[in-house]
1. Apply the Karplus curve 6.51 cos²θ - 1.76 cosθ + 1.60, θ = phi - 60°, to the phi angles in segment 339-353 and return the couplings in whole Hz, x for Gly and Pro.
2. What figure in square angstrom, to the nearest 10, would you give for the accessible area of Ile337 with a 1.4 Å probe?
3. Straight-line reach from Lys300: which lysines fall under 29 Å, measuring Cα to Cα and dropping same-chain residues less than 8 apart?
4. Using only the Cα atoms of segment 102-211, build the gyration tensor, take square roots of its eigenvalues as a ≥ b ≥ c, and label the shape rounded, prolate or oblate: rounded if a/c is under 1.5, else prolate if a/b is larger than b/c, else oblate.
5. What does the highest-first list of 22-32, 307-317 look like by mean Cβ count within 10 Å?
6. Just going by the charge dipole of segment 115-236, with Lys and Arg at +1 and Asp and Glu at -1 on Cβ, which of Ala144, Val162, Leu134 is farthest out on the positive end?
7. For segment 124-134, what does the Karplus curve 6.51 cos²θ - 1.76 cosθ + 1.60, with θ = phi - 60°, yield as ³J(HN,Hα) per residue in whole Hz, taken in order and with x for Gly and Pro?
8. Can you give the FRET efficiency for Tyr253 and Tyr282, using 1/(1 + (r/R0)^6), R0 = 35 Å, r = Cβ-Cβ distance, to the nearest 0.05?
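The values are calculated or read from the model by the stated rules, or taken from the named source; none is laboratory data. On a predicted model such as this, the values are computed, not experimentally measured, just so you know. Heads up, the Cβs are rebuilt from the backbone with ideal geometry, glycines too, and the neighbour counts pull from every protein chain shown. Side chains included, ligands, DNA and RNA excluded: accessible areas come from the protein's heavy atoms. Shrake-Rupley method; radii C 1.70, N 1.55, O 1.52, S 1.80 Å.
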Amino acid sequence: MTSQNDNRRDYNRSHDVPTKIATSRLAALLCIFFLIACGLGYPILNRYDPRQTPGLSDVRTYAALVTGTTIVDSEDMRFRRFRMLVPWIAKPFYALARRRVASWDPVMFGLLVADSLFVAATAVLIVVIGRRMLNSSAAGLVGALLYMVNFAVPNLRLVGLVDAGEGFFLLALLWSLSEFRLWILPVIAVLGALTKESFIPFSIVLTSAWWLSTRTDRRSGSRIASDATWILASWILGVAAMIGLYWSISGNYVSPLQFGSTLQRGGEEHFVLPLRDRNLWYIFLWLVPTAIPNLKRFPKSWLVPVAATCVVAFFLDAYFGGTPAAGSAWGRALFSIAGPLLSLSSALTVLRIPGLQQESVGLDGSRAGR
């Protein structure tokens, strides 16, 4: 118990555990964030079709998974057809819109609702983490809003892609680690694997780096072994979920290495492509400069796993996805991994702007000042 308390102090940077936000207020925030997300993604319902937009061709596959139709293009279906969770969630909303709403594209409506749920849930987690880690509801709320207005959310999260789901489960993974609720890891791993296959290597790197960065803080050998057991269990179940999904769809067994080899499209000559991705610059042009000054406020048990996962994402994107024709998805992956943390850090910068430093009332009724 003593080692667990020591670890909690490392995350909170305080001997006092901040007051939790009431569940009713979190539910209200979830509803508000969901409506904001729906508003940000509204253009895809009847103003433009992401399926016909260059750079968003993945949406065609997810739309087909929602409707149950077959895509002839085997290249397009080669691995995206295994990203099932978001289309599964979208299906009932697609059926509802098909019967009741004539002016909106029912397929895009279903995908928008599913994506908005994940974006809203991510924003709520940012608020919770801001209150828990920084002892500031104001920082959490501003961080959540900065996350939602970032270029990546309306242009890449709310257009029918599955990145919103992957981003949520990565943040949930980090939250469960920081709260030492490691028994949740296997559930997150399975759901994340069903969302996008890249979640598996990201989660392995994230949890490994967390375990190594906090190992010296845990004095109990049994505690170290217990944490390692839960982490290993999440890896095994995540991989098993991917293999089981592949078998249920294709009827064939494939090992993770075989599955990974089918995704390879890049190579050493394409390692420069991620830096040429315009989305990368649109997303982080203001986010990184405003976040850097306050990153020291966060514990190494957050900074090390996030940084390590970002580096791995770069190499995976260059090797598996980086081609001149297809472009790079590194910006999207980076935002899934580091976007919430950077948004929280940027919120601290925003709150230091002269005129915004006045004391305010937090979400739990407490006073939130500087």
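1. After applying 6.51 cos²θ - 1.76 cosθ + 1.60, I find x, x, 5, 5, 5, 5, 5, 5, 4, 4, 5, 4, 6, 8, 4 Hz.
2. Here the accessible area works out near 20 Å².
3. Lys20, Lys196
4. Values: a/c = 2.36, a/b = 1.29, b/c = 1.83.
Since a/c reaches 1.5 but b/c is at least a/b, the shape of segment 102-211 is classed as oblate.
5. Working: 22-32: 13.2, 307-317: 19.2.
Those peptides, ordered most packed to least, come out 307-317, 22-32.
6. With unit charges placed on the Cβ atoms, the residue in question is Leu134.
7. 5, 4, 4, 4, 4, 5, x, 5, 6, 8, 9
8. Numbers: r = 41 Å, r/R0 = 1.17.
Computed FRET efficiency for Tyr253 and Tyr282: 0.30.
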